1. Using the basic label-point model (7 angstrom from Cα toward the beta carbon), what is the Q189 to D64 distance in nanometres?
2. For the chain, set up a GNM with springs between Cα atoms under 10 Å and report which of F133, F13, F84 has the largest fluctuation.
3. Under 13 Å from a label point 7 Å along Cα→Cβ of F52: give me every residue in segment 162-192 with its amide N that close.
4. Compute the relative contact order of segment 20-104 as a whole-number percentage, counting only Cα pairs closer than 8 Å that sit 6 or more residues apart in sequence.
5. Treating only the Cβ of Lys, Arg, Asp and Glu as charged (+1, +1, -1, -1), what charge dipole size does the chain show about its Cα centre? Round to the nearest 20 debye.
6. Report, in debye and to the nearest 20, how large the dipole of segment 162-253 comes out about its Cα centre when Lys and Arg carry +1 and Asp and Glu carry -1 on their Cβ.
7. Quick one: compute the contact order of the chain, relative version, from alpha carbon pairs under 8 angstrom and 6+ residues apart, as a percent.
8. Roughly what % antiparallel, to the nearest 5, for the DSSP beta bridges in segment 141-253?
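All of the numbers you see were taken from the coordinates with simple rules; none came from a lab. Just so it is clear, the model here is predicted, and its values are computed rather than measured. Counting neighbours? That spans all protein chains shown, and the Cβs are built from the backbone with ideal geometry, glycine included.
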Amino acid sequence: MILLRTDQLTKDFGGLRAVDKVSFVMPEGIILGLIGPNGSGKTTLFNLITGFLQISGGQVYFRDKPIGGLPAHKIAEMGISRTFQLVRVFQRLTVMENMLLGYKNHVGESPWMNIYHSRKYRSQDKEAVTKAFDLLDLVGLKHLANHRAEKLPYAQQKMIEITRTIMGDPELIMLDEPASGINPTLVSQLLDYIRFLKEKQNKSFIIVEHDMHVIMNICDYIIVLNHGAKIAEGTPEQILHNPDVIDAYLGGS
Ligand code: ADP
Ligand code: MG
């Protein structure tokens, strides 16, 4: 089954073409890596798929439905969840409150927090809290549930942001540079977690990442952008030996 497909997807910022007629097909159940030099259009492509930017041309299909032009919250409701290149957790809120904001994609307008405080859970609300505890437990952060996010180191905040995306039960999770600023031990924990979500919970991923070890280690398939255009795609093995890719990274083009 095809999960996501883009057709000639394009984004212009004034005279600059940041994403240039990118077409690709993504089957469900894989981890897709998106790589390319700085400024090659990776984050912009993320923003087009998730509705954070308006498309200039082309289309995005999620399970065969065109989603280009839909607002970000609609796309999130349909089952695409994302993180940001720079961590976006709510600093003044506790870890649990941050998690509850991700429930059923109620990002930014959640009634769940108040409910959590009032301690009068309805069954559905209890479900959200239980789910949050379970997910936090899985990543070893359950004991920090009542700590304010701002008190935690960057790596843990990042982990919370990623864990929060699961709260809404998305089919597709998009991570923009999840490993940046995280020490190697936590990176390997993070990779184990992503594999677990793929294998045990049938989640699919698109991952933008600078660290080639991470990409080669975890991705089933890779797409390479350069100057906004797709210049290669294939398995990690194929990408490693692709002369165009080597050129884009080392040739200074
Ligand atoms: P990457 O994530 O691969 O580093 P980006 O998608 O952030 O690349 O950027 C691609 C190109 O688009 C860059 O030249 C960048 O300067 C430009 N760009 C990104 N966002 C904007 C914006 N909001 N307005 C104008 N130009 C932008
Ligand atoms: Mg980027």
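1. 4.2 nm
2. Its mean-square fluctuation being the largest, the pick is F13.
3. 162, 174-178, by backbone N distance to the label point.
4. 19 percent.
5. That gives a dipole near 940 debye.
6. Dipole size: approximately 260 debye.
7. Contact order relative to length: 27 percent.
8. Working: 5 of 10 bridges.
The antiparallel proportion sits near 50 percent.
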